[in-house]
Amino acid sequence: MIIATKPGSSDLLWLLAAMLLAMALHFSHFPAWTSALILLFMGWRLLLQWRQWKMPKIWLLLPITLLGVTGIYLHYRTLFGRDASVALLALMLSLKLMESATRRDYVILVFAGYFLTMTAFLFDQSLWIGVYLLLPVLGLTGCLVGISYPHGSLSHRSRFRLASGLLLQAAPLMLLLFVLFPRIPGPLWGVPQDAYRAMSGLSDHMQPGDISELSLSGAVAFRAQFRGEIPAQPQLYWRGPVLWQFDGRGWHMAGSARTVETLEAQGQPIRYDITLEPHNRRWLLMLDIPDAAPQSAFLGRERQALAQAPIRTRIRYSGSSHAQYRLAPALGDDDRARALQLPDGGNPRSRELARRWQTELQSPGRIIDTALQMFREQGFFYTLTPPRLGNDAIDDFLFSSKRGFCEHYASSFAYLMRAAGIPARIITGYQGGETNPVGQYLIVRQSDAHAWVEVWLQGQGWVRLDPTAAVAPSRVDIGINDALADNTLLPILARQDNTWLRKLYLNWDAVNNGWNQWVLGYSQQRQMELLSRLTGVSVNWQLLVTWLTVGLLAILLLLCALLFRRKRIATDAVQTLYLRYLEKLARRGIKPNLGEGALGIQQRSSRLLPQHAAAIAHITQLYLALRYGPHTDGESMAELRSSIERLDC
């Protein structure tokens, strides 16, 4: 039972510090006025405690609360969803401070603070967030320890020591539950839809500027761990959406088909594991070209791996691909028509150039070589900042600006091929990646986003061609950083300068990757595999429950042994004085009965020693006040000591 007395100033300081640490991570998500109000209420509450002013009345707090709720609603257009709900919770907790004066109020705020702390994982689940959140958890626990202490105020050092000890004692139980508690497929709860709004990645369409805009992001798209040597950079084409339909400016995916294009694989497969970051789309990036879909996924007709639902959490899957292959040796009439589709009008100069090639060169191979030679020799430039294009975008690019990023070259090349009668389609995905020597895995960022072309040739099937490599060969051979004349627009982690910073980042990423694999990625499958490898037996749910029960019982028995083990009870100064008083009563044959409290001893002693009843009552009152009261002062301690010494029985 919690005694309903007012907590002290140190309790408030610990509570405010812990709540501020928990809310600090959210200030970048909140509207500026929300963060300002939260800080204002915290400062106001601290001032009330310092000046010993009265708490504000309900007639003042109620309008402020209504205005805050209205402001949240007007900003987010809802009171639900991740962003609005977390902002509303933080604002209401800061307002709750303005009416919190008892221990019960503080307990409510502490446990609400624990919940607010966990909401940080709705925005970011990285390792540093997990480490940082230990600070508000420690602060909230320290506040809880302080308001639960019955003997007055605890020093900051004592709070820290007790709170740290409690958290350390809970660590074995936490580890046991983490390792052995049966996992279920998928998350325990659904995350609000607005949590996926800021996810970046490849789209199901492409137009000039899309890929170059994505390349400005240094966010990690996925990490790849190969089960052998990492392939050479020119082989690292990560297959994503396949685009067929051209509307005069942009390219789009075609409708689904039931049959998957035939693959004639050659050579040994390349095997690898992918840890894919959430991107709110269904595609699973795989090395060109996959021979099978990952578990619980399927292959689209162009052998693009697709999940059953949009990827909204970090996932891990295995892949198998072939660098040498023949894809769709036979092309059906419908696919041929789709791969030659062009709008009825537009881009007349590009159409005329392609028709001339078709007439004069005739051979698809010669047409392809001529187009690539044009990109290579006629002053085309690879840049992240191309000029805007007009209505005839292909003509403007090929004959005027000649400045573009990979989507410009892929789009114009595919257009020329189709206009020359060669079936063509565009593949978007990623090219290359950075090897992390610490963990020997590949980091592929959004800045590695790329677009290339597949053309269909008789006897060869779909053949990959990358027109960007004709303009900037280093883009494919080395990476985007070396391909751009001005790389200052690239995110700092995609550039090769700042060697010490990159080394520091790669070491951190290796640690963070371990966190992703073994904590966030500790799925049902990984749990079964790990425990089977450790124990040498096939693990099932029944065995997991048995081990978990035995482990919990073992911890419970250990706690019981520690609690009931016979040892001398460490006593404080108040208890030491009271034991001296009991020794005096024992000399007169008055010994405490089992379960008898201080008041019971007083009543029995007063009957047996009526001449000392007043002194016994006074000693008992002093003891109870010092033992169970909110404060322990030196004057009362001195009075208790002298009263016991004066008791002559």
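The values are calculated or read from the model by the stated rules, or taken from the named source; none is laboratory data. As the structure is a computational prediction, the values presented were derived from the model and not from experiment. Note that we place each Cβ from the backbone using ideal geometry, even for glycine, and neighbour counts take in every protein chain shown. Heavy atoms of the whole protein, side chains included, go into the accessibility calculation; ligands, DNA and RNA do not. Shrake-Rupley method; radii C 1.70, N 1.55, O 1.52, S 1.80 Å.
Multiplying the residue separation of residue 500 and residue 636 by 0.36 nm and subtracting their alpha-carbon distance yields 42.7 nm.
List the trypsin sites (Lys or Arg not before Pro) within region 246-278 that DSSP assigns to loop and that have no more than 11 neighbouring Cβ atoms inside 10 Å. Kindly include the intermediate steps, with their values, before the conclusion.
Details: sites: 249, 258, 271; in loops: 249, 258.
Those that pass, being in a loop and sparsely packed, are 258.
The lysine pair count for the chain, using Cα distances under 27 Å and pairs eight or more places apart or on different chains, is 7. The spacing between region 352-381 and region 237-297, judged by their C-alpha centroids, is 29 Å. Within the shell of other residues whose beta carbon sits under 15 angstrom from the beta carbon of residue 53, the net charge comes to +4, with Lys and Arg scored +1 and Asp and Glu -1.
When ranked by the protection proxy of mean other Cβ atoms within 10 Å per residue, highest first, what sequence do the peptides 174-183, 77-86 form?
Values: 174-183: 14.0, 77-86: 16.2.
Result, highest mean first: 77-86, 174-183.
Net charge in the neighbourhood of residue 63 (other residues with Cβ under 15 Å of its Cβ; Lys, Arg +1, Asp, Glu -1) is 0.
With contributions of -39500 (n - 2.57) from each DSSP H run of at least four residues, the per-residue ellipticity at 222 nm computed over the chain stands at -15000 deg cm²/dmol. Here the calculated FRET efficiency for residue 460 and residue 309, from their Cβ-Cβ distance with R0 = 51 Å, stands at 0.90, rounded to the nearest 0.05. Spin-label pair residue 400-residue 518: with each label point 7 Å from Cα along the Cα-Cβ axis, the two points sit 5.8 nm from one another. Accessible area per residue for region 304-357, computed on protein heavy atoms with a 1.4 Å probe, is 51 Å². Charge tally around residue 399: other residues with Cβ under 13 Å, Lys/Arg +1 each, Asp/Glu -1 each, net 0. In terms of the mean number of neighbouring beta-carbon atoms within 10 Å, the peptides 232-244, 358-370 order highest first as 232-244, 358-370. Between residue 121 and residue 32, the modelled labels are 3.4 nm apart [label points 7 Å from Cα along Cα→Cβ]. The Kirkwood radius of region 84-133, taken over pairs of alpha-carbon atoms, gives through the Stokes-Einstein law at 10 °C and 1.306 mPa s a diffusion coefficient of 133 µm² s⁻¹.
Here are some values of P(r) over Cα pairs in 20 Å bins from 0, in percent: (1) 18, 51, 26, 5, 0; (2) 15, 35, 24, 17, 8, 1; (3) 14, 34, 27, 15, 7, 2, 0. Which one was computed from this structure? Label of the calculated value: (3).
For the peptides 329-339, 585-595, residues were scored by their other Cβ atoms within 10 Å and the scores averaged per peptide; the highest-first order is 329-339, 585-595. Where the centre of each part is set by its Cα atoms, how far does region 4-74 sit from region 115-130, in angstrom? That distance is 22 Å.
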